Each structure stands twice: as C-alpha cells, then as structure tokens.
Amino acid sequence: MENKKIKKINLLYLLGYIFIPMILITICYVISYNFFKEGTMCVILLLGSPFISIMWWIFGGKIIFKKGKKRLEKMFKEQGFVQNNTFYGDGTEVIVDINAGKIGLQFFWNPSESYIISAKRIGKAWVDDGKGGAGFLEGSSCVSFLFTIDNIKVRVYTFKSNQRFKMDSNYILTGISKADKMVNVLETARNNDK
Amino acid sequence: MGIIKKFKSLLHDDWCSNCQIQMTENYKQLFMLPMSVGHYISHKNADYYKKNLVKVNSKKEIPISIYACGIKKYRCSKCGKSLVQLSIFLPVRDQEKYEETIYYKNGELDTFIEDNRKI
C-alpha cells in the first residue's frame, strides 16, 4: 500500500466520464428515431437522456470524489494515523499525520484508488503563487502548493479564480498562507518519518 | 473650530472623542492569536483575548499561517480617557492581511496590558 505507484488520472474513468453519457444520448436518439417517433416514450428518450447526462457531468464526479475522500479518511483512521492536517483542494485531497510521517491522497480523476504513503517519498515541496503580468497588470489568478512523489508532480490549488487579483489582495494572501502552511506541514512530516 | 475638531476626531481613531485632541500612545505590543488561516472567527468579548493572546517580540516568532494581534493603548493627556486598539492580521511572508480592528473604550483590557507590561 505504502509503496504503491501514484496514479493521478485513471484514463478509463476519465474517458468513461466524458463519453458514456454521449453514447447514452446517441443510443436513446437512435431508439427514438427507429421505434418511437412520437408519444411519451419519444419525449423521455429525447429529453431524459441529455438531462441525465448533464446531471452526471455536473454532480456525478463530485459525488464519486466525495465517497473517495470519505474512504481515504476512514482508511487513515483504521491504520491508526491521526488526521493532523487535511486540505481539500480542487480535485485533490491531502491528509497528513505529521508525527507518524504519513500522507493520504485522493484524486478526482482516480476516485477508485486511495493512497496512504510514507512522507519520505516526497522529494520536493514548494509554493507557486501564479504571479504573472507586469506593472499594473501584475497579479495572479491561482495559488497552489506542489510536491513530488517519486518524481510525479502533484499540484493542489489553494486559490483559483477566473479573474486576476493583485498580489497583495486578500484572496492571494490567504492562498499563499495556506500553501506555505501545507508545504511546512509536508516538510515536517517528511522529517518525522523515520 | 470646534465643529472641525469634532469632525476630525470622528475620522481619527486615536483622537479623544471628548476633548477632540490626539491621544498619546503609551503601550504597543505584538501578540500571537492562536487561530490558523481559513479558521478565523471574530470575537468581540475581551475575555477571549485575555485567555488566548500570547506575547511575542516579532512576527518571526509567529508560526506560518497563524494570526497576529497588535495591541495599542492610547491615553488622552487632557481628560485621562483611555482606548485600547486591537489590530488583527495574518502575517503572510513580508505582507499582512488585515482582518479587523477592535476598540475597547471601557478599560476591558487594562489589567491584561498591565500584567504583560510586567513580564
């Protein structure tokens, strides 16, 4: 379990997530065209399948990811680790037991796998403040902390927006502070793991 | 003149509301407020600060992502009225993210300040 290779994306799940609803819509349309050209069944097939698909794209992934997060937290406790720090990032959950030097990871695009790894496997951890632009345009729209596990880079956003904010804005400063904290926590856990 | 001074005292936090003159700062100290980033809760009760503030000498002594609180005490040289100002902020690298400023005008933190002055 601890030495399991980290896989951030399960390609089958990703493709299925995107294309299975599309296939469902196509099948429903074909059935409707061939067998139910009018009537209640036609309405159900033509409107029901796109509705289900849109609901799936909006909520399906989130529900599955939430279940994965719960499973990871349960596993973490069952193995006797303490959840000192938990960070729910956009698409990644990171749990740290600082004293035992253990890290729990759950990825949105690989919800079937929950990882509990030794903090020693972390090579490097740093903060990316997303700073860009020059002069009065200088600012950022995202802040994240990054770390490498067996040379695989994991990025966890502490702030993300579709707007650019100045580097001294409250959003950016809060994001940097959270990212600094998590980098510090990860490095402390790595040092404590013997 | 009196109206202008009264108006000025409304704009300046460190002006005496009775005498409309600038009060003198006679205490300034930095404290650590044990709340971490993302978990800040505003407290108006002075007892909370008496129980939880930890005296520090500089921002470097405050752990990453923990809040800081700067306390300033002002005293009016004319009428003797005092005012305590609490500035709560999050130190982020070389910058500060201000959360809120709280004033105590009735001596709620006076004993706390005197106790810390002795240390």
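The values are calculated or read from the model by the stated rules, or taken from the named source; none is laboratory data. Keep in mind the model is a prediction, meaning the values are calculated, not measured. We place every Cβ from the backbone using ideal geometry, glycine too, and count neighbours over all the protein chains shown. Note: areas computed on protein heavy atoms with side chains; ligands, DNA, RNA excluded. Shrake-Rupley method; radii C 1.70, N 1.55, O 1.52, S 1.80 Å.
Could you list, in sequence order, all residues of region A:158-194 that are assigned to a strand (DSSP E or B), crowded, with 19+ Cβ neighbours inside 10 Å and in contact (Cβ under 8 Å) with a residue 24 or more places away in the chain?
A:Thr158, A:Phe165
From (1) more than 19 Å from the chain's Cα centre (by Cα); (2) open to solvent by less than 10 Å² (accessible area, probe 1.4 Å), pick out the condition that doesn't hold for A:Ala100.
(2)
With the checklist (1) within 14 Å of chain B (Cβ to nearest Cβ); (2) in contact with a helix residue (DSSP H, G or I) (Cβ under 8 Å, 6 or more places away or on another chain); (3) closer than 26 Å to A:Lys102 by Cβ in hand, flag the one item A:Ser140 doesn't pass.
With respect to (1) within 14 Å of chain B (Cβ to nearest Cβ); (2) in contact with a helix residue (DSSP H, G or I) (Cβ under 8 Å, 6 or more places away or on another chain); (3) closer than 26 Å to A:Lys102 by Cβ, A:Ser140 is out only on (3).
If you take the residues of region B:91-110 that are within 14 Å of chain A (Cβ to nearest Cβ) and surrounded by 14 or more Cβ atoms within 10 Å (Cβ to Cβ), which of them is farthest from B:Ile41 (Cα to Cα)?
Residue satisfying both the conditions and the ranking: B:Gln95.
Return yes or no: is A:Ile98 modelled with pLDDT under 95 and away from chain B (no Cβ under 14 Å)?
When the stated conditions are applied, A:Ile98 does not pass them.
Checking the conditions here, which among A:Lys178, A:Lys153 is among the basic types (Lys, Arg), within 19 Å of the chain's Cα centre (by Cα) and within 14 Å of chain B (Cβ to nearest Cβ)?
A:Lys178
Scan B:Ile88, B:Ile113, B:Ile21, B:Ile41 and give me the residue that is among the hydrophobic types (A, V, I, L, M, F, W, C) and within 14 Å of chain A (Cβ to nearest Cβ).
Just one listed residue meets the conditions, B:Ile88.
Using the structure shown, decide if B:Glu61 is touching a residue at least 12 places away in the same chain (Cβ under 8 Å), within 14 Å of chain A (Cβ to nearest Cβ), farther than 17 Å from B:Ile21 by Cβ and of a type in the set (Asp, Glu).
No, not satisfied.
So, in region B:1-53, of the ones that are open to solvent by 80 Å² or more (accessible area, probe 1.4 Å) and aliphatic (A, V, I, L, M), which residue ends up modelled with the highest pLDDT?
That would be B:Ile41.
For region A:7-43, which residues satisfy the criterion of being surrounded by fewer than 16 Cβ atoms within 10 Å (Cβ to Cβ) and under 16 Å from the mean Cα position of the chain (by Cα)?
Correct list: A:Lys7, A:Ile9, A:Leu11, A:Leu14.
Would you confirm whether or not region B:54-70 contains a residue that is open to solvent by 80 Å² or more (accessible area, probe 1.4 Å), under 19 Å from B:Val84 (Cβ atoms) and modelled with pLDDT of 90 or more?
So far as region B:54-70 goes, no, none of its residues is open to solvent by 80 Å² or more (accessible area, probe 1.4 Å), under 19 Å from B:Val84 (Cβ atoms) and modelled with pLDDT of 90 or more.
Check every one of the strands (runs of 3 or more DSSP E) wholly within region A:44-117 and list those with 3 or more residues that are of a type in the set (Val, Ile, Thr) and closer than 24 Å to A:Tyr13 by Cα.
Strands (runs of 3 or more DSSP E) meeting the threshold: A:92-97.
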